[in-house]
1. Pull out all pairs, ordered by first then second residue, where Cβ-Cβ is under 8 Å, the residues are six or more apart or on different chains, the first lies in segment 125-149 and is closer than 14 Å to residue 163 by Cα, and the second is part of a helix (DSSP H, G or I) and not hydroxyl-bearing (Ser, Thr, Tyr).
2. Give the residue that is surrounded by the most Cβ atoms within 10 Å (Cβ to Cβ), with candidates limited to residues of segment 12-39 that are closer than 11 Å to residue 74 by Cβ and in contact (Cβ under 8 Å) with a residue 24 or more places away in the chain.
3. Any residue at all in segment 84-92 that's aromatic (Phe, Trp, Tyr) and either crowded, with 18+ Cβ neighbours inside 10 Å or over 18 Å from residue 5 (Cβ atoms) (or both)?
4. Would you confirm whether or not segment 1-22 contains a residue that is at pLDDT 90 or above, aliphatic (A, V, I, L, M) and closer than 17 Å to residue 89 by Cα?
5. Within segment 29-80, restricting attention to residues that are out of contact with any helix residue (DSSP H, G or I) (no Cβ under 8 Å at 6 or more places or on another chain), part of a strand (DSSP E or B) and of a type in the set (Ser, Thr, Tyr), which residue is modelled with the highest pLDDT?
6. Condition check: of a type outside the set (Lys, Arg) and in contact with a Gly (Cβ under 7 Å, 6 or more places away or on another chain). Does residue 41 satisfy that?
Amino acid sequence: MKVEISGIHIPVTKDIDDFVRKKIKKIEKYLRNITTSHVILKCEKDRFETEINVLTKGSVINAKEVANELYTSIEGAIKKVVSQSKKYKEKKKSHKPLRPRKTVPLEQFVAKEEERPALLRMRRKLAKPMEVEEALMQLEVSKNSFLVFLNAETNQINVVHKKEDGNFVLIEPD
């Protein structure tokens, strides 16, 4: 993890640098893919402000703390970042991971030329307007398993299908 520490109106001494780096290592326990951490230390009059920005591959975590002492503001900001990191880790853990889909070779779906069914014949007939009962009687008399007709009540194309058990099914559009 790359840690960048900068000070505004405050010199960043070796002690401050070591303290910040030691404290910021706590975050690595909760976030694995940390790319960089920016720590900005500010001194204005008699107060110290610490701002921490942690960049990971999945998110950005920001925290800011103001205190009367420098080390107190650093620890407060680190606590906030650790708290946000815990929440982020729990959130990631609670969501189900995406599983890779099983890949099926394309050859299974592409039918070979000799396996494709061919259209043998095409018949065009006018759909006669008739009642459903009349269509059922016509289908009983014929050898066909279905009949396409124009429903006289709804003025739509319907299909009556004769099942193997002798019952009929009426198919009409929505």
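The values are calculated or read from the model by the stated rules, or taken from the named source; none is laboratory data. None of the values given here were measured: they were computed from a predicted structure. With ideal geometry, Cβ positions are generated from the backbone for all residues, glycine too; neighbour counts draw on all protein chains shown.
1. Partner pairs satisfying both residue conditions: 146/139; 147/135; 147/138; 147/139.
2. Only one residue fits best here, namely 39.
3. Start the filter on segment 84-92 by keeping residues that are aromatic (Phe, Trp, Tyr), which leaves 88.
If we keep only those that are either crowded, with 18+ Cβ neighbours inside 10 Å or over 18 Å from residue 5 (Cβ atoms) (or both) too, we end up with 88.
Yes; the residues of segment 84-92 include at least one that is aromatic (Phe, Trp, Tyr) and either crowded, with 18+ Cβ neighbours inside 10 Å or over 18 Å from residue 5 (Cβ atoms) (or both).
4. no
5. The qualifying residue modelled with the highest pLDDT is 36.
6. yes
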